[in-house]
1. Ranking 116, 28, 33 by Cβ neighbours within 10 Å, fewest first, what do you get?
2. With each run of n ≥ 4 DSSP H residues scored as -39500 (n - 2.57), what mean residue ellipticity at 222 nm is computed for the chain after dividing by its residue count and rounding to the nearest 500 deg cm²/dmol?
3. Between helix 4-33 and the chain, what is the angle of the helix's C-alpha long axis to the longest principal axis, kept within 0 to 90° and rounded to the nearest 10?
4. Please state the relative contact order of the stretch 4-158 as a whole percent: Cα pairs under 8 Å, 6+ residues apart?
5. Between the helical axis of 37-63 and the dominant principal axis of the chain, each derived from Cα atoms, what acute angle in degrees is found, rounded to the nearest 10?
6. Helix 148-158 versus the longest principal axis of the chain: what angle, 0 to 90°, nearest 10, using Cα atoms?
7. Give me the one-decimal Kirkwood hydrodynamic radius in Å for the stretch 4-158, with the sum taken over alpha-carbon pairs.
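Rule-based calculations on the coordinates, nothing more; no lab input. Nothing here was measured: the structure is a model prediction, and the numbers come from that model. Reconstructed Cβ throughout: ideal geometry from the backbone, glycine too, with neighbour counts over all protein chains shown.
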């Protein structure tokens, strides 16, 4: 069974992962309204991945004999002015999530909760990938310029994500 402190921290992270999914759906809607279907699809896939992350922690809490407590999910921002601004927010958000995961890892270390520490290593590695992906796309947008005509090739590439 998890300590109450660890249970609370993991439940907060479940909420944060579901918020991330909600945020990426809002970003997908923005891209749909901007007729950037590839960007929109990339965000929908990202939202699905974030829900999976939340469910992974959810299942872990249950497996440890603790209680899942779901809280309110904050409404995400819904308006952006450009693809570049969206991906600036994506990159900043992923950095924030990385910090959250690291804080829970530190708690697991402090509590000598080796099982939670081990489970969280998957998330530590995943966040390296998440930040790299967001950073790469942001760099590509900066390279081609945040001009609709220049974004079509990138939009096509992002639309291939499964």
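1. Details: 116 25, 28 22, 33 10.
Final ranking by Cβ density, sparse to dense: 33, 28, 116.
2. Details: 5 runs with 127 residues, N = 162.
Result for the chain, helices only: -28000 deg cm²/dmol.
3. 10
4. Values: 153 pairs, mean separation 44.3, N = 155.
Normalised by residue count, the contact order of the stretch 4-158 is 29 percent.
5. In the chain, helix 37-63 runs at an angle near 0 degrees to the longest axis.
6. The helix 148-158 is inclined about 40 degrees to the chain.
7. Numbers: mean 1/r = 0.0610 Å⁻¹.
16.4 Å is the Kirkwood radius here.
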